[in-house]
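The values are calculated or read from the model by the stated rules, or taken from the named source; none is laboratory data. Not measured: the values here are computed from a predicted model. Cβ placement follows ideal geometry from the backbone for every residue including glycine, while neighbour counts extend to all protein chains displayed.
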Amino acid sequence: MRYRNNSARCPLCRSTAVTGDKIAGICEECGLRWIWQGEDFADGPDLPAVYHYTMGMFIQRIIQSFHIALAKAAVPRPERAAVWFSTDPRWEPSVGWPLEVAAERYGAFRIQVRPDVAQLTWSDHRLLHQHLAEYLETVERVAREDGADPSAWRLTYSRVWTGDWLAVERWRDGRWVTLWARHPKPREEGQAPPCAAHEAGPTVEGTAREGRP
């Protein structure tokens, strides 16, 4: 996978049994290999835009909590909870409803985040959960039947604070309309993601209220 690892731990399973450095290495615990060939961590090549798709009944809670939380509902105990994203620029069918239906009934929203925040792929997730191979195969099959493309999925095992958000948008009149946006600023190497308390993000007023269709 294309990933610059800034810690002494595996970016997937967090094991310290790693060989290599932040540019290239392998985890002896889960077998993950990583390599980075770009100089700019935030805007390096081959990092597509990633979006967290959601609906109106959830957007207020996300805004008010200043972060996108780990998805724990319907996740079997051995599976690690994650925050899920997609590189699909239109919609993610695994949300549960087709885009137009979700937009009409509940309000369809998406949150774009820094692409380096969620670089792990569905293949990486399956690699870490080989003991759940049969279950994850079923998840993938059902998702494909609903029109989803698992190769577009991206994830992180940490909540994503507003400091890493780039935009909040709502689907309206056949297009994505920006409700709030931030000009992305590259994060210095080794710098922790800014917490919502330290960097202004979208507010409930004017953004979360859009959750009411």
Filtering the stretch 51-72 down to residues that are closer than 22 Å to Ser151 by Cα and of a type in the set (Lys, Arg) yields Lys72
Of all the residues that make up the stretch 146-171, how many are crowded, with 20+ Cβ neighbours inside 10 Å and free of Cβ contacts under 8 Å to residues at least 40 places away in the same chain?
-> 1
Test for Val160: is it assigned by TED's automatic domain parsing to the domain that holds Trp84 and modelled with pLDDT of 85 or more = yes
In the stretch 114-139, what residues are within 21 Å of the chain's Cα centre (by Cα) and among the β-branched types (Val, Ile, Thr)?
-> Val117, Thr121, Val139
Check Arg172, Arg114, Arg209 and return the single one that is at pLDDT 85 or above and within 17 Å of Thr54 (Cβ to Cβ).
-> Arg172
